Amino acid sequence: MNEAELRALFDEIDTDGDGRISVVELAEGFKAEGAQGRLAEEVEKAMKADANHDGVLDFDEFRTLLK
């Protein structure tokens, strides 16, 4: 996935447009992709990319998650 595709996906998940992906937005993104059965597990794994432990993913953390 190139930088533009990453940014587009980030912006799609960041539904409130604040430049950060919250746990709620992340869960909604996983649900949209059909991960309902393992939603909590997927969100927990993804939030391990929250390097500064502020409870949200910024674009750099999101990029790291998807590498």
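The values are calculated or read from the model by the stated rules, or taken from the named source; none is laboratory data. The structure displayed is predicted, hence computed values, not measured ones. Positions of Cβ are backbone-derived with ideal geometry, glycine not excepted, and every protein chain shown enters the neighbour counts. For the accessible areas, the whole protein counts, side chains as well, though only heavy atoms, and no ligand, DNA or RNA atoms are used. Shrake-Rupley method; radii C 1.70, N 1.55, O 1.52, S 1.80 Å.
Helix-only mean residue ellipticity at 222 nm, the chain, DSSP H runs n ≥ 4 weighted -39,500 (n - 2.57), per residue, nearest 500. What is it?
Counting only the DSSP helices, I get -16500 deg cm²/dmol.
Apply 1/(1 + (r/R0)^6) to the Cβ-Cβ distance of R63 and E33, taking R0 = 22 Å, and write down the FRET efficiency to the nearest 0.05.
The value I calculate is 0.75.
Rounded to a whole number, what % of the accessible area of the chain do carbon and sulfur atoms account for, probe 1.4 Å?
Carbon and sulfur atoms account for 51 percent of the accessible area of the chain.
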Full-extension gain in nm, L6 to V23, via 0.36 nm per residue minus C-alpha separation: 4.3 nm
Solvent-accessible heavy-atom area per residue, rounded to whole Å², over the stretch 18-67 at 1.4 Å: 63 Å²
Principal axis dimensions, largest first and in whole angstrom, of the chain by Cα: 29, 24, 24
